[in-house]
Amino acid sequence: MVTWQGYNEPRLEQVRILLSPDQRLRASGRLVAAGPSEQFSASFELAVGEGGQVKRVLLRTATVEEERQVSVARSDDGAWLVDHGKGAERHAFDGALDVDVQFSVLFNAIPIRRLGLHRESGEHDLPVVKVSLPDLTVEAVRQTYRTVSVGDAESVVRFESGDFAQDITVDANGVVRDYPEISYRI
């Protein structure tokens, strides 16, 4: 079990993570935001395959007004199937292998682990499937991950998306310890 607390907003994320040496990852978690600008809860189930590529994410959100859900799954032929409960739609999403969920720091571990950026230097500009919370909008975005430093116990990886950039500290497994201005592990 790993728990992160938000820096600027009252937000908690708690995740049960099962890691494998071959980059597989299974996780189930919950995110709760209780700030003046964001009030929602979200739960997710995540499966990452042996190549470090996302296989499936199931997300549910709840706000005062409504509940929503979405399933985002990658088929064997590389297409993404997005289902908001009305039937799946196929998308290419620029060949993305990773999913990023807004406000969730767990999802940064996926490309970091897949690319080994916590073990050796590298830089990658990636297409990513981004899911916004709490509305569950799904879109393709570009994100860059670049190793800043590598250590035995922790490494630092720079994350960039649009005009936003931040140095993320990860543990020896590539899981986020500290994401300045966003969340830190407690």
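The values are calculated or read from the model by the stated rules, or taken from the named source; none is laboratory data. All values derive from a computational prediction rather than experimental measurement. Glycine also receives a Cβ, built like all others from the backbone with ideal geometry; neighbour counts cover every protein chain displayed.
Points worth noting:
- Test result for F40, within 13 Å of the chain's Cα centre (by Cα) and assigned to a strand (DSSP E or B): no
- Test: residue in segment 65-75 that is touching a Pro at 6+ places or on another chain (Cβ under 8 Å) and more than 20 Å from R177 (Cα to Cα): yes
One line per residue, one yes/no per condition, for (1) touching a Phe, Trp or Tyr at 6+ places or on another chain (Cβ under 7 Å); (2) loosely packed, with under 15 Cβ neighbours inside 10 Å; (3) not acidic (D, E):
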{"position": "P10", "(1), (2), (3)": "no, yes, yes"}
{"position": "V15", "(1), (2), (3)": "no, no, yes"}
{"position": "Q23", "(1), (2), (3)": "no, no, yes"}
{"position": "P36", "(1), (2), (3)": "no, yes, yes"}
{"position": "V70", "(1), (2), (3)": "no, no, yes"}
{"position": "S75", "(1), (2), (3)": "no, yes, yes"}
{"position": "V82", "(1), (2), (3)": "no, no, yes"}
{"position": "H91", "(1), (2), (3)": "yes, no, yes"}
{"position": "G95", "(1), (2), (3)": "no, yes, yes"}
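- Whichever residue in segment 165-186 is among the acidic types (D, E) and modelled with pLDDT of 95 or more and, among such residues, is farthest from G35 (Cα to Cα): D171
- Of the strands (runs of 3 or more DSSP E) that lie entirely inside segment 96-160, those containing 1 or more residues that are within 11 Å of V170 (Cβ to Cβ) and not aromatic (F, W, Y) span 138-149.
Residue-by-condition table, conditions (1) in contact with a Ser or Thr (Cβ under 8 Å, 6 or more places away or on another chain); (2) without any contact (Cβ under 8 Å) to a residue 12 or more places away in the chain; (3) not β-branched (V, I, T):
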position: A96; (1), (2), (3): no, no, yes
position: R113; (1), (2), (3): no, no, yes
position: E120; (1), (2), (3): yes, no, yes
position: D163; (1), (2), (3): no, yes, yes
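- Scanning segment 148-164 for residues that are among the charged types (D, E, K, R) and either exposed (fewer than 14 other Cβ atoms within 10 Å of the Cβ) or modelled with pLDDT under 95 (or both) turns up D152, D163.
- Test: E13 is closer than 19 Å to P127 by Cβ and acidic (D, E): no
- Single residue of R11, R24, R30 found to be closer than 13 Å to A109 by Cα and either in contact (Cβ under 8 Å) with a residue 40 or more places away in the chain or touching an Asp or Glu at 6+ places or on another chain (Cβ under 9 Å) (or both): R24
- Candidates D98, D152 - the one that is among the charged types (D, E, K, R), touching a Pro at 6+ places or on another chain (Cβ under 6 Å) and under 25 Å from L18 (Cβ atoms): D98
- Only one entry of S121, S132 meets the criterion of being under 24 Å from N8 (Cα atoms), among the hydroxyl-bearing types (S, T, Y) and surrounded by fewer than 17 Cβ atoms within 10 Å (Cβ to Cβ), and that entry is S132.
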